[in-house]
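*Asks:* My questions all concern the structure below.
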Amino acid sequence: ESCFMYYLGIDLGGTNIAVGIVDEENKIIARANSKTQTENAEQVADAMAETARKALESAGLTLADVPWIGVGSPGTINKSTGIIEFANNLPFKNTPMQEMLSQRLEGKQVLMENDANAAAFGEYMAGALKGSDNAIAITLGTGVGGGIIINHKIYSGSNFAGAELGHTVIVVDGRPCTCGRHGCWETYASATGLIKTTKEHMADAPKDSPLWTLADGIMDNVNGRTAFDAMRQGDPVGKEIVDEYIHYFSVGLIDMINIFQPDILCVGGGISNEGETLLAPVREYVDKEQYAMNSTKKTTICRAKLGNDAGIIGAALLGKMED
């Protein structure tokens, strides 16, 4: 019986299953990964259990050494029943994943949470949101993910589907969104949205401009860095795209700040690697437009710290959430 506590977190993604063993200092000391099989939920449960066992083995631990198994999964997860009601890119519909996983891991207690919420909780326990009472994590990826911490707890609403911050509309009748609405914040502020904005502007940019050169003359080579790199090369069109992107991102961000007034808001995902190039102008917009501009206490806006590990750490520590 070791006197140290260890925790196991599983970050279930559409393509990968990442498992980490986390120590008392909230550091990952061992890992295991596998590909996500997406044919059916049984396969996903098998793979998660197997990958969890591999991670334990590589840490020299057994299931007896961890108090619970924590899972961050895409989709709407009913935390009172452990049922994944729906996930858009995985074969889940009213899937009793908590029970399925527990059965495969010697009846160990399984705690489940939405992946964006788990990542926010990871940042709250061990990263950029540490020490806050109320906080928000925004992730700029394929979509715009959101996680909200209120009074030290994950906020997920009465149906466990809350905190879909990316699906607030910032442009009425704007770009079509996967959720069925038009003009969602996600369609402008995600990496996907930035790529779309870049391509729209490129169509009118001269063929010898930095944008086209960076993309080797091929529209489909555009990624979330293209416009920022072009801007750094002094390209006016690159600058225009970045300015437009930052404006859209800021509009949605100010909405979030006006609603929640968090102590800290952290920004993660690929685009957050731009660091102050992104955040300094965002702070200017926020200072200029937020409702509480005269308040002595304002939201700190910073980069997320844990990168792809946020979800693993958050999932591993789910049992530590204050009641």
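*Asks:* Given a 1.4 Å probe, how much area per residue of the chain is accessible, in Å²?
*Replies:* Here the per-residue accessible area is 46 Å².
*Asks:* What are the membrane-span-like helices in the chain by this rule: whole DSSP H runs, Cα extent along the axis at least 27 Å, mean Kyte-Doolittle hydropathy at least -1.0?
*Replies:* Qualifying helices: 236-260.
*Asks:* How large, in Å, is region 15-117 by the Kirkwood hydrodynamic radius built from its alpha-carbon pairs?
*Replies:* Computed over Cα pairs of region 15-117, the Kirkwood hydrodynamic radius comes out at 13.8 Å.
*Asks:* Follow-up. Can you list the chymotrypsin sites (Phe, Trp or Tyr not before Pro) in region 107-158 that are in a DSSP coil and have 16 or fewer other beta carbons within 10 angstrom?
*Replies:* Loop-located and lightly packed - Tyr155.
*Asks:* On to the next question. Write down the percent of antiparallel bridges among all DSSP beta bridges whose residues are both part of the chain, to the nearest 5.
*Replies:* Working: 28 of 46 bridges.
Close to 60 percent.
*Asks:* As an exercise, identify the chymotrypsin sites (Phe, Trp or Tyr not before Pro) in region 1-109 lying in DSSP coil whose Cβ has no more than 13 other Cβ atoms within 10 Å.
*Replies:* In loop regions of region 1-109 (DSSP not H, G, I, E or B), the sparsely surrounded chymotrypsin sites (Phe, Trp or Tyr not before Pro) are Phe4.
*Asks:* Let me ask something else about it. Output needed for region 131-232: three equivalent-ellipsoid semi-axes, defined as square roots of 5 times the C-alpha gyration tensor eigenvalues, in descending order, whole Å. Each step should come with its number before you reach the end.
*Replies:* On the way: eigenvalues 226, 52, 16 Å².
Ellipsoid half-lengths, sorted descending, are 34, 16, 9 Å.
*Asks:* Using a cut-off of 12 Å between beta-carbons, work out the net charge of the residues near His182 (Lys and Arg +1, Asp and Glu -1, His182 not included).
*Replies:* On the way: positive: Arg175, Arg181; negative: Asp173, Glu186.
Once positives and negatives cancel, what remains is 0.
*Asks:* Right, another one. May I ask you to evaluate 6.51 cos²θ - 1.76 cosθ + 1.60, the Karplus curve with θ = phi - 60°, for each residue of region 304-309 and list the ³J(HN,Hα) values in order in whole Hz, giving x for glycine and proline?
*Replies:* 5, 10, 9, x, 5, 7
*Asks:* Can you give the % of DSSP beta bridges in region 1-129 that are antiparallel, to the nearest 5?
*Replies:* So the antiparallel bridges amount to about 65 percent of the total.
*Asks:* Between beta-carbons, use under 13 Å as the cut-off and find the net charge around Phe86, counting Lys and Arg +1, Asp and Glu -1.
*Replies:* -1
*Asks:* What net charge do the residues around Pro67 carry, taking every other residue with its C-beta under 11 Å from that of Pro67, with Lys and Arg at +1 and Asp and Glu at -1?
*Replies:* My count for the surroundings of Pro67 gives +1.
*Asks:* At each listed q (0.06 Å⁻¹), what is the log10 of I(q)/I(0) that the Debye formula gives for the chain modelled as equal alpha-carbon point scatterers?
*Replies:* -0.22
*Asks:* Just to verify a number: what accessible area does Ser58 come out at with the full protein assembly present, 1.4 Å probe, Å² rounded to tens?
*Replies:* So the heavy atoms of Ser58 present about 80 Å² to solvent.
*Asks:* Roughly what percent of Cα-Cα pairs across region 148-196 reach past 14 Å?
*Replies:* Cα-Cα pairs of region 148-196 separated by over 14 Å account for 55 percent.
*Asks:* Turning to a different aspect of this structure: Identify which of Cys179, Cys266, Cys302 has the largest mean-square fluctuation in a Gaussian network model of the chain, with springs joining Cα atoms closer than 10 Å.
*Replies:* Cys179
*Asks:* Express the carbon and sulfur contribution to the solvent-accessible surface of region 1-120 as a percent, rounded to the nearest whole number, probe 1.4 angstrom.
*Replies:* Exposed carbon and sulfur together represent 47 percent of the surface.
*Asks:* Take the chain, mark every one of the GluC sites (Glu not before Pro) that falls in a DSSP loop and has at most 15 other Cβ within 10 Å, then report the longest stretch left between them, sites excluded. Intermediate values should be presented prior to the final figure.
*Replies:* Values: sites that count: Glu1, Glu24, Glu25, Glu39, Glu106, Glu322.
Counting only loop sites that pass the neighbour cut-off, the longest clear stretch is 107-321.
The values are calculated or read from the model by the stated rules, or taken from the named source; none is laboratory data. Predicted model, so just to flag it, every value in this text is computed and none were measured. Quick reminder, even Gly has a Cβ in these numbers, built from the backbone with ideal geometry, and neighbours come from all protein chains shown. Please note that ligands, DNA and RNA were not included when accessible areas were found on the heavy atoms of the full protein model with its side chains. Shrake-Rupley method; radii C 1.70, N 1.55, O 1.52, S 1.80 Å.
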